[in-house]
Amino acid sequence: MSSTLTDLSMLELGAKLAAREVSSVEATRASLARIAQVDPKVRAFLRVDEAGALKAAEASDARRQAGSPLSALDGVPVGLKDIFLTEGLETTCGSRLLEGFVPPYDATVVRLLKEAGLPLLGKLNMDEFAMGSSNESSAYFPTHNPWDLTRTPGGSSGGSAAAVAAREVFGALGTDTGGSIRQPAGFTNTVGLKPTYGRVSRYGVIAYASSLDQPGPMARTVGDTAALFQLIARHDPLDSTSADVETPDCLTGLEDGVRGLRLGVPREYFSDGMDPEVAGTLRASLEELEKLGATLVDISLPHTKYALATYYLLASSEASSNLARYDGIRYGQRAKDARGLKELYTQTRGQGFGAEVKLRIMLGTYALSAGYYDAYYLRAQKVRTLIREDFTRAFGQVDAIVSPTSPVPAFKLGDKVGDPLSMYLMDVYTLPCNLAGLPGLSVPCGFTQGGLPVGMQLLGRPFDEARLLRIARAFEREHDFFRRAVPV
Amino acid sequence: MPLSDFQTVIGLEVHAQLLTQSKIFCGCSTAFGAEPNHHTCPVCLGMPGVLPVLNQRVVEYAVRAGLALGCSVKPTSVWSRKNYFYPDLPKGYQITQYDQPICEWGELVIDTPSGEKTVRVRRIHLEEDAGKSVHDASASAGQSLVDLNRAGVPLMEIVSEPDLRDADEAVEYLKALRDVLVYLGVNDGNLEEGSFRCDANVSVMPKGSTTYGQRCELKNLNSFRFLKQAIEYEAARQVDVLESGGKVQQETRLWDVNKGVTRSMRSKEDAHDYRYFPEPDLPPLRVSDALRDSQRQSLPELPRAKRTRFISEYGLPAYDARILTAERPLADFFEACAAHVSDAKKLSNWFLGELSRLLKEEGTPLSALRFTPAQLGELLATVEKGTVSANAAKDVLGEMFRTGRAPADIIAEKGLAQVSDVGAVEAVVDDILAKNAGEVEKYKAGKKSVYGFFVGQVMKAMKGKGNPGLVNELLKKKLGD
Ligand SMILES: [Zn+2]
């Protein structure tokens with residue numbers, strides 16, 4: 001029974017809970033059983049909160065009994081990337097430095113999920129401080145791709161993607177700074193939405209690069225993604241960059257199709273570096289969208305080639321400042337034998353941070369230093385404006401932009417460790433969207449010969465998530481890729 | 001060249017805590033003197049995941065100060081991060097304003113021995129305060145403690161141009177600035193508690209030169225006296241360095257209160273690279289026309305304007321006007337009382353004399369005064385009419401001060417009213433002159449010094465309540481003068 005129950009989508013489970021065909025406790029127990037069964041192989045979880053999840057499930061069942069559910073997803077258990085602060089539940093952000101840190105408050109999105117009645121199964125693995133594209137820079141262990149355990153699920157929200165794909169959770173939240181939701185979604189046959197910057201509150205989300213970070217939903221179907229998104233897309237007075245806009249209705253009109261839509265195909269995104277199987281799958285998908293009634297438009301985003309350098313300069317600069325608070329003084333790990341203040345800082349940070357984090361802190365510190373600021377940070381900000389303008393121009397012509405999510409399918413664990421630059425190239429299609437603050441979505445669009453998932457990326461105008469979901473749903477309806485059984 | 005051949009050049013950077021109830025980026029209290037770390041929350045503790053939310057009252061106060069100092073208020077300014085490691089800096093950076101502050105280019109007029117002088121205010125910017133490290137004996141050996149109650153308290157930094165030319169001008173500027181901020185109600189002007197503090201940039205150059213010398217920054221100047229002493233010491237030190245063929249090094253120096261010297265704190269070589277960049281967690285700070293206009297309309301009359309008006313409107317000497325306008329509550333109370341008296345100078349004498357003595361001795365703030373302006377006016381009128389003597393009036397004021405009772409009641413109860421009835425006084429005068437016929441003879445023979453004796457006897461007989469004018473008048477008449 002557990003295997004069939006955990007195969008349900010969030011909305012399907014929600015319907016069964018509403019019809020009282022199944023209880024939240026049963027669904028939560030099914031998830032816990034599935035976690036016990038497959039997580040020793042997948043290793044998506046840093047921490048399973050069995051007691052907390054069951055308690056929340058019981059409370060949900062009581063509400064259903066009383067006929068007063070809090071939302072359509074009341075009782076549907078989900079997982080959280082370990083970047084979200086959870087009151088009373090250890091939160092490490094994949095780092096040794098925060099080991100043992102028990103937050104005194106919930107992130108706004110965590111509060112919203114609790115208020116909607118969703119039991120939280122636990123905290124999911126991630127690249128340390130969200131820096132990485134493969135989950136291998138987690139300080140604890142790498143997560144494995146459920147479609148091929150020798151491969152990475154992508155990063156930095158790889159734990160969330162793997163748990164969703166492996167049916168350990170019905171849905172999850174991740175964060176996306178340069179593609180950290182979409183790239184792992186593409187690697188794992190799941191749907192990931194990076195909302196418009198400012199759409200979802202960052203309060204209580206451990207910061208990597210403040211001007212780029214954005215939390216978002218990860219799920220198996222487009223409908224689930226839309227439903228989860230609607231729960232967390234709220235204006236938050238605790239986040240000064242939170243947009244004061246209405247919560248979108250993404251479910252009404254989700255089935256409206258793509259007829260009459262103009263979809264841009266940026267020539268810069270179909271470059272030489274792309275894996276031939278990914279390229280073939282994408283071309284076939286574009287033809288399908290055309291058949292479904294969309295018009296494909298050849299467009300150009302001329303500053304794309306500068307996006308990678310711009311992204312790493314800005315993200316590293318902000319990270320070098322955001323991570324300064326981990327000094328061993330107030331929380332987390334402190335170096336044991338440090339003598340004097342300077343030693344306390346250097347040893348705490350030296351022992352607590354992993355290699356990738358140190359690399360980016362140094363890069364950012366350098367880029368912001370007196371004498372280099374104009375040449376690096378300031379110039380990167382100017383290029384960022386140009387990239388934004390590229391998109392604005394493009395959206396004068398088209399309703400959405402279509403591209404691959406990643407140039408290659410999931411790569412082997414260990415393959416790119418030690419070669420940061422080739423790792424950074426994994427984000428080449430996803431990060432321009434973060435620089436421009438736009439919404440982006442990855443939807444499954446096929447499999448390689450070897451059975452590895454391929455993702456299609458959709459980019460939209462600011463606050464136009466509903467349209468991206470509608471396009472993704474039109475494509476999903478033709479395939480039902482999410483029904484395909486995961487081998488693990 | 002001797003010291004007198006050099007010109008001192010001074011610019012001041014003043015940090016003023018804004019009088020808001022809550023901190024600049026969170027809702028924690030700014031009250032002084034709480035238990036360590038009691039006024040803290042995840043935001044001001046710099047916990048992971050927290051974000052700043054701007055306290056709008058801070059913006060209002062800064063705009064108010066900017067307008068009062070004649071600055072242009074920028075419609076858009078920008079928050080920046082100033083990055084450095086220190087245990088009392090919870091986030092590892094301070095949120096401040098850097099190259100685009102909220103106010104720019106104003107001025108403050110001060111008095112100098114050679115007349116009025118206009119000092120340019122280059123900029124006013126906003127920032128958060130850091131916490132406090134406590135190297136306390138009660139902690140275990142070698143340990144330091146951190147108190148973050150102050151972390152996130154809103155500060156306004158007011159930076160002058162190097163327009164000041166000696167320590168007295170610097171003190172005058174600092175006092176004038178404090179008066180303005182206190183008048184506006186944006187700062188309490190308390191140097192001891194550090195809510196109004198000052199750093200000075202000091203350099204020297206040969207007289208007649210137009211090129212400024214290398215400057216040093218002086219810190220820890222928490223009184224007007226220390227500011228004056230530190231500048232004078234530092235200017236002399238720099239002249240000594242130059243005179244002995246050396247070069248003044250750019251550095252930060254601390255004023256050593258005990259030794260009365262400045263000493264090096266850090267040099268340019270180990271100066272921080274603060275790696276400023278725009279704060280991504282806060283949108284640019286926008287000041288609407290409506291906010292600026294409403295602040296402009298609600299600006300009070302400022303100390304200097306008030307002083308000028310007191311001189312012209314009440315005919316007061318400059319000295320009196322300055323003291324009466326130094327603090328807004330005192331000036332307001334003076335004006336309230338002036339509405340009830342005919343002679344403002346006499347009122348001023350009471351303010352500068354008896355009232356200020358009472359306020360000081362009893363430690364009562366003006367806001368807690370028990371008597372009303374009308375009552376004080378009544379007392380002064382009573383003195384004017386000769387109903388009570390000036391001396392007795394002091395007693396009456398003391399009683400009014402303590403109880404708030406009406407002067408007429410106090411005079412009646414204590415029997416302080418003067419006797420101005422001609423018949424009654426005449427009877428006493430006649431009686432005294434009759435009893436002292438010998439002295440009267442001496443007086444008439446030319447020993448005029450006896451006159452005081454007669455006055456004394458009359459007053460004694462009347463228990464001090466005889467109207468002095470009337471007593472004199474009758475005595476002289478009876479003695480045939
Ligand atoms: Zn606080």
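The values are calculated or read from the model by the stated rules, or taken from the named source; none is laboratory data. All of these numbers come straight from a predicted model, not from anything done at the bench. With ideal geometry, Cβ positions are generated from the backbone for all residues, glycine too; neighbour counts draw on all protein chains shown. To get the accessible areas, we keep the full protein, side chains included, count just its heavy atoms, and leave off ligands, DNA and RNA. Shrake-Rupley method; radii C 1.70, N 1.55, O 1.52, S 1.80 Å.
Here are the numbers for the structure shown:
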item	result
Residues (hydrophobic (A, V, I, L, M, F, W, C), surrounded by fewer than 16 Cβ atoms within 10 Å (Cβ to Cβ) and assigned to a loop (DSSP other than H, G, I, E, B)) located in region B:432-481	B:445
Residue B:201 vs. criteria closer than 21 Å to residue B:108 by Cβ, free of Cβ contacts under 8 Å to residues at least 12 places away in the same chain and open to solvent by 10 Å² or more (accessible area, probe 1.4 Å)	no
For residue A:184: the one exception among (1) free of Cβ contacts under 8 Å to residues at least 60 places away in the same chain; (2) in a loop (DSSP other than H, G, I, E, B)	(2)
Pair list, Cβ < 7 Å and 6+ apart or interchain, from region B:23-46 residues that are near the ligand (Cβ under 6 Å from one of its atoms) to residues that are open to solvent by 30 Å² or more (accessible area, probe 1.4 Å) and not in a loop (DSSP other than H, G, I, E, B)	B:28/B:22
Unique match (being over 13 Å from the mean Cα position of the chain (by Cα), more than 14 Å from every other protein chain (Cβ to nearest Cβ) and under 30 Å from residue A:449 (Cα atoms)) among A:191, A:169	A:169
Condition check for residue B:374: open to solvent by 30 Å² or more (accessible area, probe 1.4 Å) and not in a helix (DSSP H, G or I)	no
Matching option when the condition is among the aliphatic types (A, V, I, L, M), farther than 27 Å from residue A:193 by Cβ and touching a Leu at 6+ places or on another chain (Cβ under 7 Å), among A:361, A:387	A:361
Residue identified as open to solvent by less than 30 Å² (accessible area, probe 1.4 Å) and either within 11 Å of chain A (Cβ to nearest Cβ) or without any contact (Cβ under 8 Å) to a residue 12 or more places away in the chain (or both) among B:89, B:18, B:69, B:12	B:89
Hey, residue B:83 within 16 Å of the ligand (Cβ to nearest atom), surrounded by fewer than 23 Cβ atoms within 10 Å (Cβ to Cβ), in contact (Cβ under 8 Å) with a residue 12 or more places away in the chain and within 12 Å of chain A (Cβ to nearest Cβ) or not	no
Hey, residue A:102 β-branched (Val, Ile, Thr) and within 14 Å of chain B (Cβ to nearest Cβ) or not	yes
Residue list for region B:50-66, filter: within 14 Å of the ligand (Cβ to nearest atom) and without any contact (Cβ under 8 Å) to a residue 40 or more places away in the chain	B:50, B:53
Test for residue A:372: is it open to solvent by 20 Å² or more (accessible area, probe 1.4 Å) and within 12 Å of chain B (Cβ to nearest Cβ)	yes
Within region A:26-52, considering residues that are under 20 Å from residue A:7 (Cβ atoms) and of a type in the set (Lys, Arg), the one most open to solvent (accessible area, probe 1.4 Å)	A:29
Any chance residue B:191 is open to solvent by less than 20 Å² (accessible area, probe 1.4 Å) and either in contact with a helix residue (DSSP H, G or I) (Cβ under 7 Å, 6 or more places away or on another chain) or farther than 23 Å from residue B:116 by Cα (or both)	yes
Top-ranked residue in region B:140-153 [being away from the ligand (no atom under 15 Å from the Cβ) and under 13 Å from residue B:87 (Cβ atoms); ranked as modelled with the lowest pLDDT]	B:143
Subset of region A:324-369 that is open to solvent by less than 10 Å² (accessible area, probe 1.4 Å) and among the hydroxyl-bearing types (Ser, Thr, Tyr) - its residue that is nearest to the other protein chains (Cβ to nearest Cβ)	A:326
The one condition in (1) open to solvent by less than 10 Å² (accessible area, probe 1.4 Å); (2) within 14 Å of chain B (Cβ to nearest Cβ) that residue A:89 fails to fulfil	(1)
Selected residue [within 14 Å of chain A (Cβ to nearest Cβ), in contact with a helix residue (DSSP H, G or I) (Cβ under 8 Å, 6 or more places away or on another chain), touching a residue at least 60 places away in the same chain (Cβ under 8 Å) and aliphatic (A, V, I, L, M)] from B:291, B:302, B:285	B:285
Within region A:392-412, tally of residues that are touching a Leu at 6+ places or on another chain (Cβ under 9 Å) and open to solvent by 40 Å² or more (accessible area, probe 1.4 Å)	1
Any hit, region A:375-382, residues being under 30 Å from residue A:328 (Cα atoms) and either open to solvent by less than 50 Å² (accessible area, probe 1.4 Å) or in contact with an Asp or Glu (Cβ under 7 Å, 6 or more places away or on another chain) (or both)	yes
